[in-house]
Amino acid sequence: MFRRQLLHAATAALAAVLAATGMQAATDTSASADPGASAARTVYYDASRAGEFRTNFDQAAAIWNSRVSNVQLVARTPGNVTIYVDSGWPRAQVSGLGSGRIWMGWTAVNQGYDRTRIASHELGHILGLPDRRTGLCTDLMSGSSAPISCRNAYPNSTEASRVNSLFAGGLAASAVPAATYTWNDDAGDVGPLVVGGRPATENYPWMVYVSGCTGTLIKANWAVTAKHCGTPSSVRVGSIYRNSGGTVVSVIRAVNHPSVDVKLLQLSSSVSYAPAPIPSTSGAVGTATRIIGWGQTCAPRGCGSAPTVAHELDTSIVSDSRCLGINGPYEICTNNTNGNSGACYGDSGGPQVRRINGAWALIGATSRAGNNNSTCATGPSIYVDLPSIRSWINTQVGGLPV
């Protein structure tokens, strides 16, 4: 009897210690176990694309884990929340309690805002907290309304309590609507987040960075870009980042199409990344497509530098009549989504793709604006219709992959 009492006392003491650290001890299923007890929920965050900010998100996760007990943030790829980096404002796109996407934007970092505070604030959105622009440094969710000098990255007791209530089921799920929150409230909502796009949501293996332009891998040792782009000495293949990842390989030859804005780049060696297939047709008017590139993300010429990570935009094929000076049989008129989103400087030569049997197929290469306006996304864009010149490409590269 005395040994049994000691065992119960030791078990209770261990449970108390673990509970204080936000963990739970394994319990038996006997009548003495609490049938209403539940383990802390785990939310996995994927910071593999966060670059130099990964440490800040790891620190922010540790901060949250030290302040709440009903949810724990754990690094994993893939995760419930994926973290990116771009040149805009930090923001969180919440799809549900404990899920969504985060962008660590350089705009706030360059202005001097604390990196770990930003990371902790954006994770707070994922954990169910809205913005509260109180201007107080003690309020984590005050965001940019607090002074730039504010370095507090810890939620206050009210913020931590609300997160605990949400993950314990104490508040209705409707209390956390799908929403996008931006660090600077003057920046406005993020669009359907190229101009008006979003950081790449996939690691497209056929992306090629071409010194100020964009290209696409079409064979193990061949890429396609725009004729009006310069011929680089080397390109980066297989990464959505223009300055890291993938493989850097030399260019040994360029072949220009005799009439349309297309240039083929022969690489010095084959790469292991899967090329993008070119189908037999590009598709009819109304076909859903996606454009991707490292072009500037603001509309006026010279308004900003190229983003580090490629941006993508979902768009569609529209009638040739909407594009000025288009060569109909050999070019595609591509919609400026919502009237304000589309290709821009730096996207030249980049891919326009569409889904065929669940996989991306390459149908276009960025050429120019379809309204002769130097301000991007004010009208549709013109892309060279690669299926229309597929036989020429096939001859030049010695046979395209089947």
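The values are calculated or read from the model by the stated rules, or taken from the named source; none is laboratory data. These figures come from a predicted structure and were not determined experimentally. Glycine also receives a Cβ, built like all others from the backbone with ideal geometry; neighbour counts cover every protein chain displayed. Calculation scope for accessible area: heavy atoms of the full protein, side chains included, ligands and nucleic acids excluded. Shrake-Rupley method; radii C 1.70, N 1.55, O 1.52, S 1.80 Å.
With the crude spin-label approximation of a point 7 Å out along Cα→Cβ, what separation in nm comes out for SER305 versus THR201?
2.8
³J(HN,Hα) across segment 354-359 via Karplus (A = 6.51, B = -1.76, C = 1.60, θ = phi - 60°), whole Hz, x for Gly/Pro?
So the Karplus estimates, Gly and Pro as x, are 9, 7, 10, 6, x, 10 Hz.
VAL309 accessible area, nearest 10 Å², 1.4 Å probe?
Its heavy atoms expose roughly 0 Å² to the probe.
Quick one: which residues, 5+ away or cross-chain, put their amide H under 5 Å from the amide H of TYR84? H built at 1.01 Å from N.
Hits under the 5 Å cutoff: ILE102, TRP103, MET104.
Using protein chains only and a probe of 1.4 angstrom, how many square angstrom of ARG67 are accessible, to the nearest 10?
110
Going through segment 222-301, which trypsin sites (Lys or Arg not before Pro) have at most 14 other Cβ atoms within 10 Å and a DSSP loop state? Before the final figure, lay out the partial values.
Values: sites: LYS227, ARG236, ARG242, ARG253, LYS263, ARG290, ARG301; in loops: LYS227, ARG242, ARG301.
For trypsin sites (Lys or Arg not before Pro) across segment 222-301 that sit outside H, G, I, E and B with at most 14 neighbouring Cβ atoms in 10 Å, the list reads ARG301.
Report, in deg cm²/dmol and to the nearest 500, the calculated mean residue ellipticity at 222 nm for the chain, where each DSSP H run with n ≥ 4 adds -39500 (n - 2.57) and the sum is divided by the residue count.
On the way: 6 runs with 69 residues, N = 402.
Calculated at 222 nm, the ellipticity per residue is -5500 deg cm²/dmol.
Where does the Debye-calculated log10 I(q)/I(0) of segment 195-325 sit at q = 0.13 Å⁻¹, using only Cα point scatterers of equal weight, no solvent?
Ignoring solvent entirely, the Cα scatterers give -0.58.
Ranked by accessible surface with a 1.4 Å probe, highest first, in what order do SER144, SER161 come? Numbers along the way, then the final one.
Values: SER144 20, SER161 60 Å².
Ranked from most to least accessible, the order is SER161, SER144.
Mind ranking SER367, SER391 by accessible surface for me, highest first, 1.4 Å probe? Before the final figure, lay out the partial values.
Working: SER367 10, SER391 90 Å².
My answer, sorted largest first, is SER391, SER367.
Could you tell me the calculated FRET efficiency between ILE356 and VAL285, based on Cβ-Cβ distance and R0 = 25 angstrom, to the nearest 0.05? It would help to have the intermediate numbers written out before the result.
Details: r = 17 Å, r/R0 = 0.68.
Efficiency, rounded to the nearest 0.05: 0.90.
How large is ³J(HN,Hα), in whole Hz, for each residue of segment 143-154 in order, when computed from phi with the Karplus curve 6.51 cos²θ - 1.76 cosθ + 1.60 and θ = phi - 60°, using x for Gly and Pro?
x, 6, 6, 6, x, 4, 5, 5, 10, 5, 10, 9
So, with a 1.4 angstrom probe, what is the percent of accessible area on the chain that is carbon and sulfur?
52
Once phi is turned into θ = phi - 60°, what whole-Hz ³J(HN,Hα) does the Karplus curve with 6.51, -1.76 and 1.60 give for every residue of segment 369-376, x standing for Gly and Pro?
Once θ is set to phi - 60°, the couplings for segment 369-376 become 5, x, 10, 6, 9, 6, 8, 5 Hz.
Given H placed 1.01 Å from N in the peptide plane, which residues other than close sequence neighbours of THR287 have an amide H under 5 Å from its amide H?
Result for THR287 returns ILE317.
Considering only PRO258, HIS228, TRP103, whose Cα is most displaced toward the positive end of the charge dipole of the chain, charges sitting on Cβ of Lys, Arg (+1) and Asp, Glu (-1)?
PRO258
What accessible area per residue comes out for the chain, rounded to a whole number of Å², with a 1.4 Å probe? Kindly include the intermediate steps, with their values, before the conclusion.
On the way: 17360 Å² over 402 residues.
Each residue of the chain exposes 43 Å² on average to a 1.4 Å probe.
By its C-alpha gyration tensor, with a ≥ b ≥ c as the square roots of the eigenvalues, how is segment 322-389 shaped: rounded for a/c under 1.5, else prolate for a/b larger than b/c, else oblate?
On the way: a/c = 1.90, a/b = 1.43, b/c = 1.33.
Prolate, since a/c reaches 1.5 and a/b exceeds b/c.
At q = 0.11 Å⁻¹, what is the log10 ratio I(q)/I(0) for the chain, with the Debye formula run over Cα points and no solvent?
Summing over Cα pairs of the chain leads to -0.83.
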